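FYI, it's all coordinate maths here, none of it is from the lab. Please read these numbers as outputs of a predicted model, since none were measured by experiment. Using ideal geometry, Cβ is built from the backbone for each residue, glycine included, and neighbour counts are taken over all protein chains shown.
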Amino acid sequence: MEPRDVFLHVRGEAVFVDDALLPAEHLFAAIRTSHVAHGHVRSLDIAPAMAVPGIYEVFTARDIPGENQVGKTILDEPLLAESEVHFVGQPLAIVVGESAEAARRAARAIQVEIDPLPAIYDVRQAFAEGSLIAPPRTFSSGDVESAWEQCSVVVSGTVESGSQEHVYMETQSAFALPTDRGGVKVVSATQSPSMVQLVVARILGLPMHEVEVEVPRLGGGFGGKEDQATHWAAMAALAAWRLKKPVKLVLTRHEDMTMTGKRHPYLSDYKLGLDAEGHMLAYEVTFYQNGGAVADLSPAILERSLFHATNAYAIPHVKAVGISCRTHLPPNTAFRGFGGPQALFVLECAIFKAAEALGVEPREIQKRNLLQDGDAFPYGARVERCRQRRCWDVAEQKYNLQAGLKEVRQYNGRNAWRKKGLALMPICFGISFTSTFLNQAGAFVNVYVDGSVGISTSAVEMGQGVNAKIQEVAARIFSIRPERIKLETTSTSRIANMPPTAASTGADLNGHATRLACLDIVERLKDAAARCLGKNAPHEIEIRDEAVYASGEATELTWEKLVNLAYFDRVSLCAQAHCATPDIFFDRDTNKGNPFAYYAYGTALVEASLDCLRGTCSIDAVRVVHDFGRSLHPLVDLGQMEGGIVQGVGWMLLEEVMHDADGRLLTDTLATYKIPDIHSIPGEIQVHFLEDAENPPGIFQSKTVGEPPFLYGIGAYFALLQAMKAFRPDAHIPFSSPMTPEKVLLALYPGDRPV
Ligand code: MTE
Ligand code: LUZ
Ligand code: MOS
């Protein structure tokens, strides 16, 4: 966010898709979905809907002029269901009316008869029945089978991690306007404008240039609008194009929660072997990913789980298997961390169990095995400029770990019914899209005759502050005040073939492209200045703090005068640039390569308090040492840290997505689905920016920060487990997140469990 955006947000003046002023005659769409998880559609009668006053039209799959397909890599997802439905909440028909209320009333009036078929919700069952989204994948290094013999301790077990609803503040929304050429303009709340453009063109049977997609800003995305904003945009576009009238489609919170996918729940089997000193020698893990009914991004998310199976640790013998299971839940999708958090959680559980077996603390195993330069990941990439151990050591000292542990011990000695726990959580997260081709972006920079600047890039601002960072990049290259620079909306007409703003790459990819475009303009301005001043070569000209210097001497030229002069000299003041991350590749036949530009590192100390009578846990403190590179914008980075940590803690301790036996979402409102609020956020969040942390591949030596902080939340689970152990050392605690108060009580009082 630019500072200006912050004011708009705080004052409630920022304009989101639903707030935009539309032509007076615009219409509203609503969606009729399936109430059955799996079945044959016997009949769909729209007549009762058409009879509702104010209804213009009802569209079903038959009304799609192009292809009824929103799938990306795997083409398995119709926009509107045809003869079969595959999850509760799957769209069947679009109703368009003169008000959203009328459209919703009519959508409910549609008569749908569905003959149920057997449905699968469980990954083990899906796997047993061969219901997979893609063939299983295996990443391996060394030789696990022969390594078990060298181990003093081998532990194994099962880990479950739960789903998570994105709860972006702005629900899914789009509006579409027909163009006079027979095309359509779509304003969409998407992280992926080019994907929306491609799919709308496919649905309508149009060339992509007839579809313009514009994104003003998002009220949060968190991955939930990386792939799943497309559907609503395509529906609005279909309706607008068919009716030749503007159409708006905005989901209610309840619709959003029931129709869209969430973080993938995982069920994982692990086996971890260590020597007597606690070195991890061998790790075998199988991730069963609950993909839901269609592929969406599941294979890519599963792949990132495989990349991050060993987190921040060096383990010589590894076999990681990923199985993406097709079930009859709504399609699960990208969510901050993109499969990384699920993988990290499994290994931390394994370490917790191994620590019990070895009679040591988990932190001793963690510390002994931290990555360092020269180590390699199971997929072959070598570790360089590794800051894992530094972050850990600085965290231990800065936050005085020994004193903290002592305090916890004393507190636990004094209190019978309240216990504290402390856990460390080191993280390592690869930065780049693992699909190498996505690591590209464009920027388009316009300098106007008054010296003000407008910048378009591939980046979508969703609250993560990418606009502020790009503004900072341009301000540094031009050496002008940031207030002169405006970040434009994101539009497919200004930048073509954009990647989604995702994988935490927004600032790097678009920052680099912006830097290149600005440098082009600076070169031209220097030429113009040299010509004007008459006695200097262009390389002797410098623009510094809005003033123009020649051979170090001040001149009469300012930024504004120079720009104006260049214009009258007929010099172009616009530049376009493209950036592609160098030196990354990945071979999917061998599962080896170097897919990441660099890694984010850090360590968190997490302290929890447990009320052993009520089972309720509060996080007292999260204290982090994180490698931000040379931070491009410390305030934005701090905000990302705080938000990511809270979101991660929510996933681990609070947020529970539940379905009934027929695949209907039970936790379908914010009354039944609990996200962190002011009462449940950590009492204290401290963030220390690791010093001397230059990062050459990043924009201006920075490291990106979007997703990694989420991973620190995992520490909350283990801080809670430590507190539970302090109360009942022999408790059998399942590795099953979220660890809600109910689960805590069941683990602490097993004998009192009702039969
Ligand atoms: N922060 C806010 N406020 N809102 C968001 O939607 N999304 C997260 C992260 N931080 C998000 C956020 C996710 S999932 C990603 S991938 C990155 O921001 C995307 O932005 P970036 O690439 O510019 O870091
Ligand atoms: N999206 C994607 C992502 O397509 N590829 C990725 O590697 C990725 N990583 C994180 C978040 N979104
Ligand atoms: Mo983030 S999950 O890459 O949108």
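Couple of notes before you dig in:
- For region 134-151, 3J(HN,Hα) per residue [Karplus equation, 6.51 cos²θ - 1.76 cosθ + 1.60, θ = phi - 60°, Hz, x = Gly/Pro]: 8, x, x, 10, 10, 9, 8, 8, x, 8, 4, 4, 7, 6, 4, 5, 7, 8
- As a size descriptor, the averaged projected area of the C-alpha convex hull of region 341-449 was calculated at 13.1 nm².
- Overall form of region 1-61 per C-alpha gyration tensor (a/c, 1.5; a/b vs b/c): oblate
- Taking a straight Cα-Cα cut-off under 22 Å and skipping sequence neighbours fewer than 8 places away in the same chain, the lysines within cross-link reach of residue 72 are 185, 225, 262.
- Long-range amide H partners of residue 687 with built H, under 5 Å: 624
- A crude spin-label estimate for the pair residue 253 and residue 580, with each label 7 Å from Cα along the Cβ direction, gives 4.5 nm.
- Start at zero, step by 10 Å, and the Cα-Cα distances of region 518-612 spread as 13, 29, 12, 14, 16, 11, 4, 1, 0 percent across the bins.
- With 10 Å bins from 0: P(r) over region 440-580, alpha-carbon pairs, percent: 13, 43, 28, 13, 2
- Normalised Debye scattering of region 183-276 at q = 0.20 Å⁻¹ gives log10 I(q)/I(0) of -0.96, counting only Cα atoms as equal scatterers and leaving out solvent.
- Built amide H within the under 5 Å cut-off of residue 460, gap 5+: 501
- Zone of residue 533's modelled label, taken as backbone nitrogen in region 554-582 under 13 Å from a point 7 Å along Cα→Cβ: 554-559, 562
- Pairwise label distance in nanometres, residue 686 with residue 554, each label 7 Å out on the Cα-Cβ vector: 4.6
- FRET efficiency for the residue 568 to residue 382 pair, using the beta carbon distance and R₀ = 45 Å, is estimated at 0.25.
- The chain: calculated mean residue ellipticity at 222 nm from DSSP helix runs of at least 4, using -39500 (n - 2.57): -9000 deg cm²/dmol
- Ranked list, fewest to most other Cβ atoms within 10 Å of each Cβ, for 232, 392, 651: 392, 651, 232
- Normalised by 2.2 N^0.38 Å, where N is the number of residues, the alpha-carbon radius of gyration of the chain equals 1.00.
- For the chain, with +1 on Lys and Arg beta carbons and -1 on Asp and Glu, the positive-most of 401, 75, 702 along the dipole: 401
- Phi-based couplings in Hz for region 514-531 (Karplus 6.51, -1.76, 1.60; Gly and Pro marked x): 5, 4, 5, 5, 5, 4, 4, 5, 4, 4, 5, 5, 5, 4, 5, 5, 4, 4
- Using C-alpha pairs under 8 Å with a sequence gap of at least 6, the mean separation divided by the residue count of the chain gives a relative contact order of 14 percent.
- For a straight C-alpha distance cut-off of 20 angstrom, the aspartates and glutamates reachable from residue 420 (same-chain residues fewer than eight places away being disregarded) are 348, 356, 361, 364, 396, 407, 607, 611, 620, 684, 730, 742.
- Extension gain for residue 99-residue 662 works out to 199.5 nm (0.36 nm per residue, less the C-alpha to C-alpha distance).
- Within the same chain, lysines fewer than 8 places from residue 535 are excluded, and of the rest, those with a Cα less than 22 Å from its Cα are 526, 561.
- Taking other Cβ atoms within 10 Å as a rough exposure proxy, 659, 732 sort from fewest to most as 732, 659.
- DSSP-defined antiparallel bridges as percent of all bridges, the chain, nearest 5: 80
- Put a dot 7 Å past the Cα of residue 113, heading toward its Cβ, do the same for residue 544, and the two dots end up 8.3 nm apart.
- Region 440-580, relative contact order [Cα under 8 Å, separation at least 6], %: 34
- Sorted on the mean count of surrounding Cβ atoms within 10 Å across their residues, most packed first, peptides 141-152, 319-330, 412-423 read 319-330, 412-423, 141-152.
- Length added when fully stretched, residue 678-residue 243, from 0.36 nm per residue minus Cα-Cα: 152.0 nm
- Per the Debye formula on identical point scatterers at the alpha carbon atoms of region 67-164, with no solvent, log10 I(q)/I(0) at q = 0.10, 0.13, 0.15 Å⁻¹ is -0.56, -0.79, -0.94.
- Extension gain for the segment residue 179 to residue 414, taken as residue separation times 0.36 nm less the Cα-Cα distance, is 77.3 nm to one decimal.
- Each listed q (0.10, 0.12 Å⁻¹) maps to a log10 I(q)/I(0) for region 111-243 from the Debye sum over equal C-alpha point scatterers, namely -0.59, -0.74.
- With both residues required to sit in region 165-253, DSSP beta bridges show an antiparallel share near 70%.
- FRET efficiency, 1/(1 + (r/R0)^6) with R0 45 Å, evaluated for residue 587 and residue 671 via beta carbons: 0.40
- Cα pair distances in region 699-755, grouped into 5 Å bins until the bin that holds the longest one, percent each: 4, 15, 23, 18, 10, 7, 6, 6, 5, 3, 1, 1, 0
- Sequence-ordered 3J(HN,Hα) estimates for region 328-338 from the Karplus curve with 6.51, -1.76 and 1.60 and θ = phi - 60° stand at 9, 9, x, x, 6, 8, 4, 8, 2, x, 6 Hz, glycine and proline given as x.
- Among 18, 545, 637, sorting on how many other beta-carbon atoms sit within 10 Å of each Cβ, with the fewest leading, yields 545, 18, 637.
- Size of charge dipole - the chain - debye, nearest 20, with Cβ of Lys, Arg +1 and Asp, Glu -1, no other charges: 540
- Amide H contacts under 5 Å for residue 66: 204, 205, restricted to partners 5 or more places along the chain or on a different chain, H placed in the peptide plane at 1.01 Å from N.
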